[in-house]
Number of protein chains: 4
Amino acid sequence: MNVIVDLCIIPISVGVSLSPYVAACEKVISQAGLKGVLHANGTNIEGEWDAVFAAVKRCHEVVHGMGAPRISTTMRVGTRTDRIQTMEDKVKSVQGKLGGAVEGV
Amino acid sequence: MNVIVDLCIIPISVGVSLSPYVAACEKVISQAGLKGVLHANGTNIEGEWDAVFAAVKRCHEVVHGMGAPRISTTMRVGTRTDRIQTMEDKVKSVQGKLGGAVEGV
Amino acid sequence: MNVIVDLCIIPISVGVSLSPYVAACEKVISQAGLKGVLHANGTNIEGEWDAVFAAVKRCHEVVHGMGAPRISTTMRVGTRTDRIQTMEDKVKSVQGKLGGAVEGV
Amino acid sequence: MNVIVDLCIIPISVGVSLSPYVAACEKVISQAGLKGVLHANGTNIEGEWDAVFAAVKRCHEVVHGMGAPRISTTMRVGTRTDRIQTMEDKVKSVQGKLGGAVEGV
(Lines give C-alpha, C1' and ligand atoms only; values in the text may rest on other atoms or scores of the structure.)
Protein backbone atom coordinates (compact mmCIF):
# COMPACT_ATOMS: atom_id res chain seq x y z
CA MET A 1 0.00 0.00 0.00
CA ASN A 2 1.46 3.31 -1.13
CA VAL A 3 1.05 6.33 1.11
CA ILE A 4 1.61 10.08 0.96
CA VAL A 5 2.39 11.56 4.34
CA ASP A 6 2.74 15.16 5.51
CA LEU A 7 5.01 15.06 8.55
CA CYS A 8 5.58 17.88 11.04
CA ILE A 9 7.73 17.04 14.05
CA ILE A 10 7.77 19.52 16.95
CA PRO A 11 10.42 18.82 19.60
CA ILE A 12 9.32 20.32 22.93
CA SER A 13 11.60 21.93 25.50
CA VAL A 14 14.60 22.39 23.21
CA GLY A 15 14.28 26.13 22.75
CA VAL A 16 12.68 28.19 20.04
CA SER A 17 14.71 27.04 17.03
CA LEU A 18 13.51 23.75 15.60
CA SER A 19 15.34 23.69 12.26
CA PRO A 20 18.26 21.47 13.41
CA TYR A 21 15.74 18.78 14.33
CA VAL A 22 13.81 19.14 11.09
CA ALA A 23 17.09 18.93 9.15
CA ALA A 24 17.99 15.72 11.00
CA CYS A 25 14.64 14.26 9.96
CA GLU A 26 15.23 15.27 6.34
CA LYS A 27 18.40 13.21 6.48
CA VAL A 28 16.53 10.24 7.95
CA ILE A 29 14.00 10.39 5.11
CA SER A 30 16.63 10.74 2.44
CA GLN A 31 18.78 7.93 3.91
CA ALA A 32 15.71 5.71 3.84
CA GLY A 33 15.60 6.22 0.08
CA LEU A 34 12.26 8.00 0.33
CA LYS A 35 11.22 11.05 -1.64
CA GLY A 36 10.71 13.98 0.72
CA VAL A 37 9.64 17.50 -0.18
CA LEU A 38 10.15 20.13 2.49
CA HIS A 39 7.59 22.92 2.83
CA ALA A 40 7.04 25.71 5.33
CA ASN A 41 5.01 23.58 7.74
CA GLY A 42 6.27 20.06 7.26
CA THR A 43 7.69 17.53 4.86
CA ASN A 44 5.70 15.55 2.31
CA ILE A 45 6.88 11.97 1.88
CA GLU A 46 5.71 9.28 -0.49
CA GLY A 47 6.47 5.58 -0.55
CA GLU A 48 5.46 2.15 0.59
CA TRP A 49 3.56 2.30 3.91
CA ASP A 50 6.05 0.29 5.98
CA ALA A 51 9.09 2.19 4.70
CA VAL A 52 7.48 5.58 5.32
CA PHE A 53 6.37 4.73 8.84
CA ALA A 54 9.71 3.15 9.70
CA ALA A 55 11.28 6.51 8.74
CA VAL A 56 8.80 8.39 10.93
CA LYS A 57 9.71 6.18 13.89
CA ARG A 58 13.41 6.71 13.17
CA CYS A 59 12.81 10.49 13.17
CA HIS A 60 11.35 10.27 16.68
CA GLU A 61 14.33 8.18 17.83
CA VAL A 62 16.84 10.60 16.28
CA VAL A 63 15.15 13.73 17.68
CA HIS A 64 14.97 12.19 21.16
CA GLY A 65 18.64 11.23 20.73
CA MET A 66 19.46 14.87 20.00
CA GLY A 67 18.12 15.77 23.45
CA ALA A 68 14.43 16.45 23.02
CA PRO A 69 12.58 14.94 26.00
CA ARG A 70 9.18 15.28 24.34
CA ILE A 71 7.95 15.33 20.74
CA SER A 72 4.57 16.36 19.37
CA THR A 73 4.18 15.29 15.75
CA THR A 74 1.30 15.81 13.38
CA MET A 75 0.73 13.82 10.22
CA ARG A 76 -1.65 13.79 7.31
CA VAL A 77 -1.77 10.31 5.84
CA GLY A 78 -3.33 9.67 2.44
CA THR A 79 -3.94 6.32 0.73
CA ARG A 80 -6.03 5.43 -2.29
CA THR A 81 -6.93 2.23 -4.06
CA ASP A 82 -8.62 3.67 -7.16
CA ARG A 83 -5.39 4.80 -8.83
CA ILE A 84 -1.72 5.60 -8.32
CA GLN A 85 -1.10 9.25 -7.52
CA THR A 86 2.21 10.93 -6.70
CA MET A 87 2.78 14.12 -4.71
CA GLU A 88 3.50 15.91 -7.99
CA ASP A 89 0.26 14.64 -9.47
CA LYS A 90 -1.65 16.14 -6.55
CA VAL A 91 -0.15 19.59 -7.01
CA LYS A 92 -0.50 19.52 -10.82
CA SER A 93 -4.12 18.46 -10.53
CA VAL A 94 -4.92 21.65 -8.61
CA GLN A 95 -2.71 23.86 -10.78
CA GLY A 96 -4.40 22.54 -13.92
CA LYS A 97 -7.67 23.98 -12.65
CA LEU A 98 -6.11 27.38 -12.01
CA GLY A 99 -4.44 28.10 -15.36
CA GLY A 100 -0.98 27.37 -13.97
CA ALA A 101 -0.51 30.70 -12.24
CA VAL A 102 -0.04 29.31 -8.75
CA GLU A 103 3.20 29.40 -6.86
CA GLY A 104 3.77 25.86 -5.75
CA VAL A 105 6.14 22.95 -5.51
CA MET B 1 9.02 3.48 22.76
CA ASN B 2 5.53 4.25 24.04
CA VAL B 3 3.30 6.56 22.05
CA ILE B 4 0.00 8.36 22.44
CA VAL B 5 -1.77 8.88 19.13
CA ASP B 6 -4.87 10.85 18.22
CA LEU B 7 -6.27 9.21 15.10
CA CYS B 8 -8.93 10.62 12.78
CA ILE B 9 -9.69 8.62 9.66
CA ILE B 10 -11.77 10.28 6.93
CA PRO B 11 -12.92 7.94 4.15
CA ILE B 12 -13.55 9.95 0.97
CA SER B 13 -16.30 9.30 -1.56
CA VAL B 14 -18.42 7.04 0.65
CA GLY B 15 -21.18 9.52 1.37
CA VAL B 16 -21.75 11.84 4.27
CA SER B 17 -21.96 9.33 7.13
CA LEU B 18 -18.57 8.20 8.37
CA SER B 19 -19.52 6.48 11.62
CA PRO B 20 -19.58 2.89 10.22
CA TYR B 21 -15.93 3.34 9.21
CA VAL B 22 -14.96 4.86 12.54
CA ALA B 23 -16.71 2.00 14.34
CA ALA B 24 -14.77 -0.53 12.25
CA CYS B 25 -11.54 1.19 13.30
CA GLU B 26 -12.59 1.07 16.96
CA LYS B 27 -12.87 -2.68 16.59
CA VAL B 28 -9.43 -2.90 14.97
CA ILE B 29 -7.93 -0.99 17.89
CA SER B 30 -9.69 -3.06 20.50
CA GLN B 31 -8.85 -6.35 18.76
CA ALA B 32 -5.21 -5.28 18.78
CA GLY B 33 -5.41 -5.13 22.58
CA LEU B 34 -4.80 -1.38 22.57
CA LYS B 35 -6.52 1.14 24.77
CA GLY B 36 -8.61 3.48 22.63
CA VAL B 37 -10.73 6.39 23.82
CA LEU B 38 -13.20 7.77 21.31
CA HIS B 39 -13.87 11.53 21.25
CA ALA B 40 -15.84 13.81 18.96
CA ASN B 41 -13.00 14.30 16.49
CA GLY B 42 -10.96 11.13 16.67
CA THR B 43 -9.74 8.31 18.86
CA ASN B 44 -6.88 8.52 21.33
CA ILE B 45 -4.74 5.39 21.48
CA GLU B 46 -1.80 4.53 23.70
CA GLY B 47 0.66 1.69 23.46
CA GLU B 48 3.97 0.48 22.13
CA TRP B 49 4.89 2.31 18.89
CA ASP B 50 4.89 -0.73 16.61
CA ALA B 51 1.59 -2.09 17.91
CA VAL B 52 -0.13 1.28 17.58
CA PHE B 53 1.09 1.91 14.04
CA ALA B 54 0.27 -1.66 12.97
CA ALA B 55 -3.30 -0.93 14.10
CA VAL B 56 -3.37 2.33 12.14
CA LYS B 57 -2.26 0.46 9.00
CA ARG B 58 -4.90 -2.20 9.63
CA CYS B 59 -7.54 0.58 9.92
CA HIS B 60 -6.61 1.83 6.43
CA GLU B 61 -6.80 -1.71 5.05
CA VAL B 62 -10.18 -2.35 6.67
CA VAL B 63 -11.68 0.98 5.55
CA HIS B 64 -10.48 0.43 1.97
CA GLY B 65 -11.93 -3.09 2.22
CA MET B 66 -15.29 -1.58 3.17
CA GLY B 67 -15.31 0.24 -0.16
CA ALA B 68 -13.59 3.58 0.43
CA PRO B 69 -11.36 4.33 -2.58
CA ARG B 70 -9.51 7.11 -0.78
CA ILE B 71 -8.69 7.89 2.85
CA SER B 72 -7.40 11.09 4.41
CA THR B 73 -6.19 10.49 7.95
CA THR B 74 -4.77 12.93 10.46
CA MET B 75 -2.75 11.96 13.49
CA ARG B 76 -1.19 13.63 16.47
CA VAL B 77 1.71 11.52 17.70
CA GLY B 78 3.29 12.14 21.10
CA THR B 79 6.36 10.49 22.59
CA ARG B 80 8.44 11.41 25.61
CA THR B 81 11.59 10.05 27.18
CA ASP B 82 11.56 12.04 30.43
CA ARG B 83 8.77 10.06 32.06
CA ILE B 84 5.90 7.67 31.47
CA GLN B 85 2.60 9.42 30.92
CA THR B 86 -0.77 7.88 30.12
CA MET B 87 -3.71 9.48 28.33
CA GLU B 88 -5.46 9.77 31.68
CA ASP B 89 -2.43 11.48 33.20
CA LYS B 90 -2.56 14.11 30.46
CA VAL B 91 -6.20 14.97 31.10
CA LYS B 92 -5.79 14.94 34.90
CA SER B 93 -2.77 17.20 34.67
CA VAL B 94 -4.88 19.90 33.00
CA GLN B 95 -7.90 19.33 35.22
CA GLY B 96 -5.73 19.67 38.33
CA LYS B 97 -4.93 23.21 37.26
CA LEU B 98 -8.61 24.06 36.80
CA GLY B 99 -10.11 22.96 40.10
CA GLY B 100 -11.66 19.86 38.56
CA ALA B 101 -14.63 21.61 37.04
CA VAL B 102 -13.93 20.64 33.44
CA GLU B 103 -16.08 18.29 31.48
CA GLY B 104 -13.72 15.74 30.06
CA VAL B 105 -12.77 12.12 29.76
CA MET C 1 -22.27 28.56 10.30
CA ASN C 2 -21.78 26.12 13.17
CA VAL C 3 -18.41 24.45 13.59
CA ILE C 4 -16.86 21.67 15.64
CA VAL C 5 -13.17 22.22 16.26
CA ASP C 6 -10.51 20.01 17.80
CA LEU C 7 -7.85 22.33 19.18
CA CYS C 8 -4.36 21.38 20.32
CA ILE C 9 -2.07 24.25 21.31
CA ILE C 10 1.63 23.47 21.77
CA PRO C 11 3.67 26.29 23.32
CA ILE C 12 7.32 25.96 22.28
CA SER C 13 10.33 26.78 24.43
CA VAL C 14 8.49 26.83 27.77
CA GLY C 15 9.77 23.52 29.11
CA VAL C 16 8.29 20.09 29.06
CA SER C 17 5.06 20.68 31.00
CA LEU C 18 2.31 22.17 28.88
CA SER C 19 -0.71 21.69 31.15
CA PRO C 20 -0.70 25.25 32.63
CA TYR C 21 -1.09 26.61 29.10
CA VAL C 22 -3.80 24.12 28.18
CA ALA C 23 -5.64 25.00 31.40
CA ALA C 24 -5.45 28.70 30.53
CA CYS C 25 -7.02 27.91 27.16
CA GLU C 26 -9.79 25.91 28.82
CA LYS C 27 -10.63 29.05 30.78
CA VAL C 28 -10.65 31.15 27.61
CA ILE C 29 -13.10 28.73 25.98
CA SER C 30 -15.35 28.57 29.00
CA GLN C 31 -15.31 32.35 29.49
CA ALA C 32 -16.35 32.71 25.86
CA GLY C 33 -19.48 30.71 26.72
CA LEU C 34 -18.43 27.89 24.42
CA LYS C 35 -18.81 24.20 25.11
CA GLY C 36 -15.38 22.62 25.38
CA VAL C 37 -14.57 18.98 26.04
CA LEU C 38 -11.01 18.19 27.03
CA HIS C 39 -9.41 14.96 25.81
CA ALA C 40 -5.92 13.51 25.96
CA ASN C 41 -4.73 15.26 22.80
CA GLY C 42 -6.76 18.44 22.59
CA THR C 43 -10.05 20.11 23.31
CA ASN C 44 -13.20 19.74 21.24
CA ILE C 45 -15.23 22.93 20.93
CA GLU C 46 -18.53 23.58 19.25
CA GLY C 47 -20.27 26.84 18.45
CA GLU C 48 -20.80 29.57 15.92
CA TRP C 49 -17.75 29.93 13.62
CA ASP C 50 -16.85 33.50 14.61
CA ALA C 51 -17.15 32.85 18.35
CA VAL C 52 -15.04 29.69 18.17
CA PHE C 53 -12.28 31.28 16.12
CA ALA C 54 -12.25 34.40 18.31
CA ALA C 55 -11.60 32.06 21.25
CA VAL C 56 -8.78 30.32 19.37
CA LYS C 57 -7.15 33.70 18.70
CA ARG C 58 -7.58 34.66 22.34
CA CYS C 59 -5.86 31.38 23.35
CA HIS C 60 -2.81 32.32 21.26
CA GLU C 61 -2.75 35.80 22.84
CA VAL C 62 -3.06 34.39 26.36
CA VAL C 63 -0.38 31.70 25.85
CA HIS C 64 2.03 34.27 24.37
CA GLY C 65 1.18 36.52 27.34
CA MET C 66 2.18 33.68 29.70
CA GLY C 67 5.66 33.79 28.18
CA ALA C 68 5.62 31.39 25.23
CA PRO C 69 7.61 32.95 22.38
CA ARG C 70 6.31 30.49 19.83
CA ILE C 71 3.14 28.41 19.46
CA SER C 72 2.38 25.51 17.15
CA THR C 73 -1.32 24.72 17.09
CA THR C 74 -3.19 22.04 15.22
CA MET C 75 -6.90 22.07 14.53
CA ARG C 76 -9.49 19.83 12.98
CA VAL C 77 -12.39 21.94 11.74
CA GLY C 78 -15.69 20.37 10.76
CA THR C 79 -18.73 22.05 9.21
CA ARG C 80 -21.79 20.57 7.58
CA THR C 81 -24.83 22.00 5.85
CA ASP C 82 -26.92 18.84 5.55
CA ARG C 83 -27.92 18.72 9.20
CA ILE C 84 -27.14 19.95 12.69
CA GLN C 85 -24.77 17.66 14.58
CA THR C 86 -23.31 18.15 18.05
CA MET C 87 -20.10 16.70 19.45
CA GLU C 88 -22.21 14.27 21.48
CA ASP C 89 -24.08 13.20 18.36
CA LYS C 90 -20.79 12.33 16.69
CA VAL C 91 -19.65 10.09 19.53
CA LYS C 92 -23.08 8.44 19.93
CA SER C 93 -23.27 7.75 16.22
CA VAL C 94 -20.11 5.64 16.43
CA GLN C 95 -21.06 4.01 19.73
CA GLY C 96 -24.44 3.01 18.31
CA LYS C 97 -22.63 0.92 15.73
CA LEU C 98 -20.52 -0.81 18.38
CA GLY C 99 -23.18 -2.00 20.81
CA GLY C 100 -22.30 0.71 23.32
CA ALA C 101 -19.25 -1.03 24.76
CA VAL C 102 -16.76 1.70 23.94
CA GLU C 103 -15.05 3.83 26.50
CA GLY C 104 -15.65 7.37 25.36
CA VAL C 105 -16.88 10.83 26.20
CA MET D 1 -0.46 39.13 15.19
CA ASN D 2 1.07 37.46 12.14
CA VAL D 3 0.34 33.81 11.50
CA ILE D 4 1.53 31.03 9.21
CA VAL D 5 -1.17 28.49 8.51
CA ASP D 6 -1.08 25.14 6.73
CA LEU D 7 -4.59 24.54 5.43
CA CYS D 8 -5.99 21.28 4.11
CA ILE D 9 -9.69 21.25 3.23
CA ILE D 10 -11.35 17.88 2.59
CA PRO D 11 -14.88 18.08 1.18
CA ILE D 12 -16.79 14.92 2.07
CA SER D 13 -19.34 13.17 -0.14
CA VAL D 14 -18.37 14.90 -3.39
CA GLY D 15 -16.58 11.97 -4.97
CA VAL D 16 -12.95 11.06 -5.13
CA SER D 17 -11.53 14.10 -6.91
CA LEU D 18 -10.96 17.04 -4.60
CA SER D 19 -8.84 19.31 -6.79
CA PRO D 20 -11.70 21.55 -8.03
CA TYR D 21 -12.42 22.44 -4.41
CA VAL D 22 -8.78 23.03 -3.57
CA ALA D 23 -8.46 25.23 -6.66
CA ALA D 24 -11.48 27.27 -5.54
CA CYS D 25 -9.80 27.80 -2.17
CA GLU D 26 -6.57 28.90 -3.88
CA LYS D 27 -8.61 31.62 -5.58
CA VAL D 28 -10.16 32.68 -2.28
CA ILE D 29 -6.71 33.03 -0.74
CA SER D 30 -5.31 34.92 -3.69
CA GLN D 31 -8.35 37.22 -3.92
CA ALA D 32 -7.86 38.03 -0.23
CA GLY D 33 -4.42 39.36 -1.12
CA LEU D 34 -2.73 36.65 0.94
CA LYS D 35 0.38 34.76 0.01
CA GLY D 36 -0.46 31.08 -0.50
CA VAL D 37 1.93 28.30 -1.42
CA LEU D 38 0.34 25.08 -2.57
CA HIS D 39 1.98 21.77 -1.64
CA ALA D 40 1.01 18.13 -2.01
CA ASN D 41 -0.99 18.02 1.23
CA GLY D 42 -2.28 21.53 1.71
CA THR D 43 -1.63 25.22 1.23
CA ASN D 44 0.65 27.34 3.37
CA ILE D 45 -0.64 30.86 3.98
CA GLU D 46 0.93 33.77 5.80
CA GLY D 47 -0.58 37.06 6.87
CA GLU D 48 -2.34 38.96 9.61
CA TRP D 49 -4.40 36.62 11.83
CA ASP D 50 -7.81 38.11 11.05
CA ALA D 51 -7.24 38.22 7.29
CA VAL D 52 -6.01 34.62 7.18
CA PHE D 53 -8.88 33.24 9.23
CA ALA D 54 -11.45 35.26 7.27
CA ALA D 55 -10.10 33.53 4.16
CA VAL D 56 -10.37 30.12 5.82
CA LYS D 57 -14.01 30.82 6.67
CA ARG D 58 -14.63 31.98 3.11
CA CYS D 59 -13.12 28.72 1.83
CA HIS D 60 -15.65 26.73 3.87
CA GLU D 61 -18.49 28.89 2.54
CA VAL D 62 -17.30 28.52 -1.06
CA VAL D 63 -16.79 24.74 -0.83
CA HIS D 64 -20.23 24.28 0.74
CA GLY D 65 -21.60 26.53 -2.04
CA MET D 66 -20.05 24.18 -4.62
CA GLY D 67 -22.20 21.38 -3.22
CA ALA D 68 -20.17 19.75 -0.45
CA PRO D 69 -22.53 18.92 2.43
CA ARG D 70 -19.68 18.30 4.85
CA ILE D 71 -16.10 19.52 5.18
CA SER D 72 -13.27 18.20 7.32
CA THR D 73 -10.39 20.66 7.45
CA THR D 74 -7.05 20.38 9.21
CA MET D 75 -4.80 23.30 10.01
CA ARG D 76 -1.41 23.89 11.49
CA VAL D 77 -1.28 27.38 12.96
CA GLY D 78 2.02 28.99 13.95
CA THR D 79 2.59 32.30 15.71
CA ARG D 80 5.70 33.74 17.34
CA THR D 81 6.46 36.89 19.27
CA ASP D 82 10.25 36.62 19.41
CA ARG D 83 10.81 37.59 15.79
CA ILE D 84 9.24 37.94 12.37
CA GLN D 85 9.56 34.81 10.26
CA THR D 86 8.17 34.20 6.78
CA MET D 87 7.32 30.86 5.18
CA GLU D 88 10.45 31.19 3.06
CA ASP D 89 12.55 31.83 6.16
CA LYS D 90 11.30 28.58 7.66
CA VAL D 91 12.29 26.51 4.63
CA LYS D 92 15.65 28.26 4.24
CA SER D 93 16.45 27.74 7.89
CA VAL D 94 16.20 23.97 7.44
CA GLN D 95 17.94 23.96 4.06
CA GLY D 96 20.84 25.94 5.52
CA LYS D 97 21.49 23.07 7.89
CA LEU D 98 21.50 20.54 5.07
CA GLY D 99 23.97 22.10 2.64
CA GLY D 100 21.21 23.17 0.25
CA ALA D 101 20.70 19.77 -1.34
CA VAL D 102 17.04 19.41 -0.40
CA GLU D 103 14.22 19.55 -2.86
CA GLY D 104 11.82 22.09 -1.48
CA VAL D 105 9.76 25.18 -2.06
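The values are calculated or read from the model by the stated rules, or taken from the named source; none is laboratory data. Everything numeric here is computed off the predicted structure, so don't read it as measured data. Using ideal geometry, Cβ is built from the backbone for each residue, glycine included, and neighbour counts are taken over all protein chains shown. Remember, those area values only see protein heavy atoms, side chains included, never the ligands or the DNA or RNA. Shrake-Rupley method; radii C 1.70, N 1.55, O 1.52, S 1.80 Å.
Structure values in brief
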{"quantity": "Residue that is nearest to the chain's Cα centre (by Cα) [pool: residues in region A:1-22 that are among the small types (Gly, Ala, Ser) and either at pLDDT below 95 or not in a helix (DSSP H, G or I) (or both)]", "calculated": "A:SER17"}
{"quantity": "Pairs with Cβ under 6 Å, 6+ apart, first in region A:74-92 and more than 9 Å from chain D (Cβ to nearest Cβ), second in a loop (DSSP other than H, G, I, E, B)", "calculated": "A:THR79/A:MET1; A:THR81/B:PRO69"}
{"quantity": "Lone unmet requirement of (1) under 23 Å from C:VAL28 (Cα atoms); (2) buried (at least 17 other Cβ atoms within 10 Å of the Cβ); (3) more than 7 Å from chain C (Cβ to nearest Cβ) for B:GLY96", "calculated": "(2)"}
{"quantity": "Close pairs (7 angstrom Cβ cut-off, 6 or more residues apart or separate chains): of a type in the set (Asp, Glu) in region D:1-13, part of a loop (DSSP other than H, G, I, E, B) and open to solvent by 10 Å² or more (accessible area, probe 1.4 Å) anywhere", "calculated": "D:ASP6/A:ASN41"}
{"quantity": "Selected residue (criterion: farthest from C:GLY36 (Cα to Cα)) from residues of region B:6-20 that are buried (at least 22 other Cβ atoms within 10 Å of the Cβ) and more than 8 Å from chain C (Cβ to nearest Cβ)", "calculated": "B:ILE12"}
{"quantity": "Test result for C:GLY42, under 28 Å from B:TYR21 (Cβ atoms), touching a Cys at 6+ places or on another chain (Cβ under 9 Å) and without any contact (Cβ under 8 Å) to a residue 40 or more places away in the chain", "calculated": "yes"}
{"quantity": "Filter pass, A:ARG58 being in contact (Cβ under 8 Å) with a residue 24 or more places away in the chain, more than 8 Å from every other protein chain (Cβ to nearest Cβ) and surrounded by fewer than 23 Cβ atoms within 10 Å (Cβ to Cβ)", "calculated": "yes"}
{"quantity": "Hits in region A:23-34 (condition: open to solvent by 20 Å² or more (accessible area, probe 1.4 Å) and touching a strand residue (DSSP E or B) at 6+ places or on another chain (Cβ under 7 Å))", "calculated": "A:SER30, A:LEU34"}
{"quantity": "Extreme residue, nearest to the chain's Cα centre (by Cα), among residues of region A:35-50 that are more than 9 Å from chain D (Cβ to nearest Cβ) and crowded, with 17+ Cβ neighbours inside 10 Å", "calculated": "A:ILE45"}
{"quantity": "Single match in A:ARG80, A:ARG70, A:ARG76 (criterion: in contact with a strand residue (DSSP E or B) (Cβ under 7 Å, 6 or more places away or on another chain) and open to solvent by 40 Å² or more (accessible area, probe 1.4 Å))", "calculated": "A:ARG80"}
{"quantity": "Segments classed as strands (runs of 3 or more DSSP E), wholly inside region C:23-105, with at least 2 members that are touching a Lys or Arg at 6+ places or on another chain (Cβ under 8 Å)", "calculated": "C:42-48, C:70-80"}
